[in-house]
Amino acid sequence: MNNARRPAWVDTLSQAYSVRKKNVVVLTGNTRDLFPSPRLNAFVPLEQLLYQELREKFLVVRMDAATGVDFYSDADKAELLMVCAQYDKIAAESQRLGDVEEIIASNRHNPLPALVLLRDISEAVTKIQAARTSRLPVRPLCILLQFAGAVFPPADYDRLSELDRQRLVTLLQWIENPLWSTGQNLLVLVSDTRAELNGRIFAHPGTQHIEIDLPAAADRQLFLDENARHVAFEKDAATFVSQSAGLKLTQVLDLLEVAASTQSPLTKTDVLREVNTVLEAELGDIVRIKSPNHGPAEIVGNDAVQHILRGIFTDCDAAETAVSGILVSGPNGGGKTFVMEAFAHESGRIVIELTGLRGSYFGETDKFFEMLLSRIRIFGKILILMDEAHTAFGSVHRSDTHETERRLAGNLIKMMGDPALLGKVLFGLMTSRPDELDPDVKSRCPEQIAIFDAEGEARQRVVSALFSRKGITLAEAELEELVARTGHFSMRDFGFLVRKTLAKKLPPLDVLQQWQASSSIALQRRFQTLVAVQHCSYRELIPPSLQELTPEVIQREADVLRRQLMH
């Protein structure tokens, strides 16, 4: 590890303390990982890295809700007990600390008394330093509090339990005391996400928040140099480094160890499987990495749509010409998702699918978006797909929208409007009801593409191509009759008809004597088609029969159908 240097966030912590005089630091993000330690010439957990970097200047003490107050070495413990004993010699009887070792042992699983003890010890250290009565220099105290969200959970006072409220008030009184703010002691709170920690801590002027990013490519390469000497790769190590973006080093180590023990080369499939496993574990079942295996060549028809989408994806390669999102609308079964996945495959972007935002993560939206953004920052160019996007979240403008849903919509809108993400992140929103999308979302999707059912000769060409791709040739008269008898069929319905024809080993017209796609949603599809016309940026995509209608006629028919469908 000759090229190792301490992580940049450690430098930020040092500057926050020494330059900005911040004596409460909150670390969030990638806190459960390995980090390069130049002092130990190895990759170590966060606690060990911090201890090595801080031990020369500070007397380091750790605490969490499960094990209470503890030390990283017996020497540190002995030094702290000696400082406490010295303080008791000069303190008034009512202010003496007493048997600190006994208090620590008896409150191993009781965070509130442990916090009170640490507060009293920090004040004792500050007073001894000010009095200069010690013959030996007294180092300032650094308290490293792990799993801080378990000790100071997020909520207003009236929603906290009595114990949680007492712990929070104890901390706030402690760090707002001039004895703390003017002293040299340091408190480091570690939490996976900012949303898991009480917001009043961040509001304190002496607090500095530092987000620890997932390992960058240089970190992963250095880690690979140290740990992959006996591992083979499907392509090469550089490709693996690129593919493993979004993984912690601990997760990379798991992949390396499995590959070494099985003597199998590490493949892209192995990496994607691990990324999906991690995302599902950390973000629930609403986020997954997709790897579409079909491209635009697999799309039947929609030539104009393909031409427009190819141009949009090209424009989005550069921030100067990129848009935040593409809105793809059209009636159910038209192939919206298939088309977008095809261009996602061609673009080479990492594809993230968001589903079930309301049901799966209701009430935890802040934590979810914080963790999602940490992944987005480390991934390369990303396409975020949302199918049936109108069901994903409510409107920020409607009075009946729940506060949690309003935050969910607000977070998505904020992401879509972030100039720093232009070119890097592209949203692909597919929906049959774009009219139900929040207007702030639609305004961030200037590219609005509509996919309609083909008409006339174009419909015949599409149907013929669907069958011919499966080796079924239709005579001209057979094709005309087939199209005439399937006027209400969607592309999805035709796909099923092809499969049915192959299974039955009968001509398609004979299959239609036995099976027909249901017409139960014909009114819904007509309504969805009219709404798609209203949300289409390109007139050339609109079928000829609909181009003849004025916007007023389309609106009137849509209103009539909307009322019919509501009954």
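Listing for the model above:
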quantity	calculated
Helices (runs of 4 or more DSSP H) contained entirely in the stretch 102-219, each with at least 2 residues that are under 27 Å from the mean Cα position of the chain (by Cα)	148-151, 199-203
Candidate set: the stretch 166-180, residues that are touching a helix residue (DSSP H, G or I) at 6+ places or on another chain (Cβ under 7 Å) and surrounded by fewer than 17 Cβ atoms within 10 Å (Cβ to Cβ); chosen: the one farthest from VAL138 (Cα to Cα)	GLN166
Breaking point among (1) over 20 Å from THR126 (Cα atoms); (2) over 32 Å from the mean Cα position of the chain (by Cα), for LEU27	(2)
When residues of the stretch 537-567 are limited to those that are of a type outside the set (D, E, K, R) and not in a helix (DSSP H, G or I), the one farthest from GLY301 (Cα to Cα)	HIS567
Hey, ARG139 surrounded by fewer than 18 Cβ atoms within 10 Å (Cβ to Cβ) and basic (Lys, Arg) or not	no
Some residue of the stretch 200-215 being touching a Ser or Thr at 6+ places or on another chain (Cβ under 9 Å), without any contact (Cβ under 8 Å) to a residue 40 or more places away in the chain and outside the structural domain of SER18 (by TED's automatic domain parsing)	no
Residue within the stretch 404-412 that is at pLDDT below 80, acidic (Asp, Glu) and not assigned by TED's automatic domain parsing to the domain that holds GLY29 present	yes
The one condition in (1) more than 13 Å from PRO331 (Cβ to Cβ); (2) in contact with a Pro (Cβ under 8 Å, 6 or more places away or on another chain); (3) surrounded by 15 or more Cβ atoms within 10 Å (Cβ to Cβ) that GLY456 fails to fulfil	(3)
Contacts under 7 angstrom Cβ, first residue in the stretch 131-142 being not assigned by TED's automatic domain parsing to the domain that holds ARG55 and modelled with pLDDT of 80 or more, partner of a type in the set (D, E, K, R) and outside any loop (DSSP other than H, G, I, E, B), 6 or more apart	none
Count of the stretch 311-335 residues which are closer than 23 Å to ASP453 by Cα and among the hydroxyl-bearing types (Ser, Thr, Tyr)	1
Residues (out of contact with any strand residue (DSSP E or B) (no Cβ under 6 Å at 6 or more places or on another chain) and buried (at least 18 other Cβ atoms within 10 Å of the Cβ)) located in the stretch 325-337	PRO331, GLY333, GLY334, GLY335
Of all residues making up the stretch 306-325, the number that are in contact with a Pro (Cβ under 9 Å, 6 or more places away or on another chain) and outside any loop (DSSP other than H, G, I, E, B)	4
Selection from the stretch 194-211 of residues that are of a type outside the set (Gly, Ala, Ser), surrounded by 18 or more Cβ atoms within 10 Å (Cβ to Cβ) and over 10 Å from VAL26 (Cα atoms)	GLU196, ASN198
Any pair with Cβ under 6 angstrom, 6 or more apart, that starts in the stretch 492-510 at a residue that is touching a residue at least 12 places away in the same chain (Cβ under 8 Å) and of a type in the set (Ser, Thr, Tyr) and ends at one that is in a helix (DSSP H, G or I) and surrounded by 15 or more Cβ atoms within 10 Å (Cβ to Cβ)	THR501/PRO508; THR501/VAL511
Meets criteria (under 40 Å from the mean Cα position of the chain (by Cα) and outside any strand (DSSP E or B)) for ARG62	no
Residue satisfying all of: in the stretch 30-59; in a helix (DSSP H, G or I) and more than 28 Å from the chain's Cα centre (by Cα); surrounded by the fewest Cβ atoms within 10 Å (Cβ to Cβ) among these	GLN52
Residue in the stretch 52-67 that is within 26 Å of ASP254 (Cα to Cα) and in the same structural domain as ARG108 (by TED's automatic domain parsing) present	yes
Residue in the stretch 548-564 that is without any contact (Cβ under 8 Å) to a residue 12 or more places away in the chain and closer than 19 Å to ILE449 by Cβ present	no
Of the criteria (1) without any contact (Cβ under 8 Å) to a residue 40 or more places away in the chain; (2) of a type in the set (Gly, Ala, Ser); (3) closer than 23 Å to PHE368 by Cα, which one SER264 fails	(3)
Hey, SER545 under 30 Å from HIS307 (Cβ atoms) and exposed (fewer than 14 other Cβ atoms within 10 Å of the Cβ) or not	yes
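The values are calculated or read from the model by the stated rules, or taken from the named source; none is laboratory data. Computed from a prediction, not measured in an experiment: that's the story for all the values here. Positions of Cβ are backbone-derived with ideal geometry, glycine not excepted, and every protein chain shown enters the neighbour counts.
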